[in-house]
1. Test E63 against the criterion of being within 27 Å of D97 (Cβ to Cβ), away from the ligand (no atom under 16 Å from the Cβ) and of a type in the set (D, E, K, R), and give yes or no.
2. Let me confirm something: among V29, V36, which residue is of a type in the set (A, V, I, L, M), assigned by TED's automatic domain parsing to the domain that holds I62 and assigned to a loop (DSSP other than H, G, I, E, B)?
3. Being among the small types (G, A, S) and closer than 23 Å to V36 by Cα is the filter; apply it to segment 212-236 and report the residue that is nearest to the ligand (Cβ to nearest atom).
4. Please determine whether any residue of segment 114-132 is β-branched (V, I, T) and either more than 22 Å from L221 (Cβ to Cβ) or assigned to a helix (DSSP H, G or I) (or both).
5. With the structure loaded, tell me whether G33 is modelled with pLDDT under 95, within 13 Å of the ligand (Cβ to nearest atom), closer than 23 Å to C113 by Cα and touching a strand residue (DSSP E or B) at 6+ places or on another chain (Cβ under 9 Å) or whether it fails that test.
6. Quick check: is even one residue across segment 109-119 over 15 Å from the mean Cα position of the chain (by Cα) and farther than 18 Å from T203 by Cβ?
7. Anything in segment 126-151 that is of a type outside the set (G, A, S), closer than 23 Å to P230 by Cα and away from the ligand (no atom under 14 Å from the Cβ)? List them, or say none.
Amino acid sequence: MVHFVGAGPGAPDLITVRGADLLRKADCVIYAGSLVNPALLESTKPGCEIHNSAIMTLEQVIEVMQKADSEKKDVVRLHTGDASLFGAIREQMDELDRLGIAYDSTPGVSSFCGAAAALSAEYTLPGVSQSLIISRMAGRTPVPPGESLSSLAAHGASMVLFLSSGLLHEVQDELLRGGLSPETPAAIVYKATWPDERVIRCTVGTLAQRGEEEGIRKTALLLIGQFLDPSYERSCLYDPSFTTEFRQAEQPKP
Ligand code: SAH
């Protein structure tokens with residue numbers, strides 16, 4: 001059987017308990033070597049077969065899975081962050097379906113959560129934004145026509161961009177074209193939760209320049225929006241005058 005496992009954003013103790021357990025028991029691990037922390041592989045059992053998918057094609061990955069499965073081995077396919085975001089898991093699952101190989105999926109902590117933690121940020125601040133747009137700048141991989149960065153930026157919602165730190169000038173231009181002001185708060189988070197994590201706070205207008213100054217080209221997320229500004233409204237959830245399913249509103253004091 002094949003287990004798709006989210007490895008978390010980098011720090012080895014940010015894999016889930018279930019993911020760590022599957023990794024310990026695996027007979028064969030195929031890990032995304034470009035981003036998964038190799039320290040995670042230290043927990044595998046002696047004799048566990050290890051493959052780095054960064055240097056493999058989809059066909060080669062499936063071949064390893066098929067061989068291991070035919071030998072009744074348990075395979076862990078270790079993806080960075082959470083596999084449902086830019087993980088290219090669907091094409092693997094479709095091949096496994098075609099071959100009649102069983103699989104399951106264990107979620108992981110995505111890097112966009114790691115980046116928010118690094119910034120002590122909340123994407124969904126009351127009165128600021130109640131939506132988070134997760135996207136990327138079109139590069140060698142295109143994005144569908146309705147999802148251009150400028151059209152997404154026009155919402156003014158909180159935004160996090162994957163796979164775009166090598167295209168900072170283009171990102172900045174698109175965000176401005178979408179109507180964001182150059183003063184809109186932004187941040188670049190490089191290698192969130194890794195020991196060499198770096199946090200660069202800037203604005204939409206200084207995104208490209210700050211990224212260049214800091215030499216950021218990959219393994220970074222771009223966060224954009226007023227949620228990075230210190231002003232916001234308190235939540236209703238913890239407001240004394242707000243009744244919830246679990247708590248009765250306090251009576252105003254006479
Ligand atoms: N599934 C992953 C994303 C894979 S796409 C997840 O959920 O996080 C690869 C992109 O993710 C990188 O180009 C970078 O933009 C981002 N990324 C992955 N790990 C990161 C980290 N620790 N810090 C910052 N960005 C990261």
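The values are calculated or read from the model by the stated rules, or taken from the named source; none is laboratory data. All values reported here derive from a predicted model rather than from experimental measurement. So basically every Cβ, Gly included, is an ideal-geometry build from the backbone, and we count neighbours across all protein chains shown. Only protein heavy atoms, including side chains, enter the accessible area calculation; ligands, DNA and RNA are left aside. Shrake-Rupley method; radii C 1.70, N 1.55, O 1.52, S 1.80 Å.
1. Details: within 27 Å of D97 (Cβ to Cβ): yes; away from the ligand (no atom under 16 Å from the Cβ): yes; of a type in the set (D, E, K, R): yes.
Against the criterion (within 27 Å of D97 (Cβ to Cβ), away from the ligand (no atom under 16 Å from the Cβ) and of a type in the set (D, E, K, R)), E63 qualifies.
2. Testing whether each residue is of a type in the set (A, V, I, L, M), assigned by TED's automatic domain parsing to the domain that holds I62 and assigned to a loop (DSSP other than H, G, I, E, B) leaves just V36.
3. Taking the candidates together, the pick is A220.
4. no
5. Answer is yes for this residue.
6. No, segment 109-119 has no match at all.
7. Listed by number, the residues that qualify are P126, V128, Q130, I133.
Listed here are the residues, each with its yes/no results for (1) within 16 Å of the ligand (Cβ to nearest atom); (2) farther than 23 Å from S120 by Cα; (3) modelled with pLDDT of 95 or more.
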{"position": "L176", "(1), (2), (3)": "no, yes, yes"}
{"position": "E183", "(1), (2), (3)": "no, no, yes"}
{"position": "A186", "(1), (2), (3)": "yes, no, yes"}
{"position": "P195", "(1), (2), (3)": "yes, no, yes"}
{"position": "T243", "(1), (2), (3)": "no, yes, no"}
{"position": "F246", "(1), (2), (3)": "no, yes, no"}
{"position": "P254", "(1), (2), (3)": "no, yes, no"}
